[in-house]
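Scroll down for the structure; my scribbles are underneath it.
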Amino acid sequence: MTHRSGLMTPPPRSERGLIVEAVGLSRVYDMGSHTVEALTDVDLGVRSGTMVAVRGRSGSGKTTLLNLLGGLDRPTSGRVLVDSEDLTTMDDEQLVEVRRVKVGFIFQAFGLIPILTARENVQVPLRLTHTDVAERETRSRALLELVGLGDRGDHRPHELSGGEQQRVAIARALANTPRVILADEPTGQLDTRTGQTIVELIRTLIRSEHVAVVIATHDPAPLAIADSVVELRDGRIVSRG
Ligand code: ADP
Ligand code: MG
């Protein structure tokens, strides 16, 4: 094989700026008596420093897609590349590692640990990567400052508003300087105004932290400021804008 030496060799994906790439992605859930085609033949590329919104009604496949992009689930067919690495050829241990260092997750219900303070919640991913104590402390404080919660580090989740809890979750998602953040309806439990400020924060962080974001949403706010919007219907992309 000489495909690496020719002048026509395409640059590595990272040089094209694609931090996440899905190719022909399908996911069929086998329910025994029947199957559910949750996602069918989805192609998607996400550039570093950009925000892609995935819209579509409930059941259209948004969560399935995000889970596949983040290595939380495996496709029935197709491929997922994150930072030029093919997730679909990885064993479980390698997938865990990718999730720890390359991907940050933000969920609708925030997903904070109730008994931990805001600062300790932000430190959870740093513990998983065995970051030393002093560095964990410094970084968690800086991240809470970054999301505007410098004075809330000692609060537990129930001592914070919904919007503040989601800010903590954003800080946590950024802890290990991921290449991509996957946000599954992050404004779904927030009022419109709070949701708007959360989306604006994510937008700002994309630039300052050089991260890509894929956001699943019904809300108009993220759709309006996303760099591109794809619409899913019954597991297929039916429009791109
Ligand atoms: P959305 O996030 O857009 O609401 P989902 O990705 O959660 O959509 O679901 C897509 C389809 O796959 C739906 O029909 C849903 O019922 C089905 N589905 C999702 N998760 C599972 C699962 N773990 N097992 C079986 N079917 C599932
Ligand atoms: Mg969903």
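The values are calculated or read from the model by the stated rules, or taken from the named source; none is laboratory data. Small disclaimer: the values here were computed from a predicted structure and weren't measured. Virtual Cβ from ideal backbone geometry, glycine too; neighbours counted across all protein chains shown. All accessible areas refer to the heavy atoms of the entire protein, side chains included, with ligands and DNA or RNA removed. Shrake-Rupley method; radii C 1.70, N 1.55, O 1.52, S 1.80 Å.
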At Arg207 and Thr138, where each label point lies 7 Å from the Cα along Cα→Cβ, what is the point-to-point distance in nanometres?
2.7
Kirkwood Rh over alpha-carbon pairs of the chain plugged into Stokes-Einstein at 25 °C, 0.890 mPa s gives a D in µm²/s of 132
Can you tell me which of Thr35, Thr131, Thr63 moves the most in a GNM of the chain? Springs connect C-alpha atoms under 10 Å apart.
Thr35
Determine the shape class of the range 15-73: with a ≥ b ≥ c the square roots of the Cα gyration tensor eigenvalues, call it rounded for a/c under 1.5, and otherwise prolate if a/b is greater than b/c, oblate otherwise.
prolate
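So what is the calculated 222 nm ellipticity per residue for the chain, using -39500 (n - 2.57) for each DSSP H run with n of 4 or more, over all residues, to the nearest 500 deg cm²/dmol? Could you put the intermediate results ahead of the total?
Details: 7 runs with 79 residues, N = 241.
Only helices count here, giving -10000 deg cm²/dmol.
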Can you tell me what share of the DSSP beta bridges in the chain is antiparallel? A percent to the nearest 5 is fine.
55
Once the Cβ-Cβ distance between Ala109 and Glu200 is put in as r, and R0 is 35 Å, what FRET efficiency do you end up with, to the nearest 0.05?
0.95
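Out of the total accessible area of the range 128-241 (probe 1.4 Å, heavy atoms of protein only), what percent is carbon and sulfur? Provide the component values of the computation, followed by the final result.
Working: 2580 of 5490 Å².
The nonpolar share, carbon plus sulfur, comes to 47 percent.
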Highest GNM mean-square fluctuation, the chain, Cα pairs closer than 10 Å: which of Val52, Val80, Val124?
Val124
Which one of Val46, Val133, Val168 has the biggest mean-square fluctuation once the chain is modelled by GNM with Cα springs under 10 Å?
Val133
In degrees, nearest ten, helix 192-209 long axis to first principal axis of the chain (Cα)
70
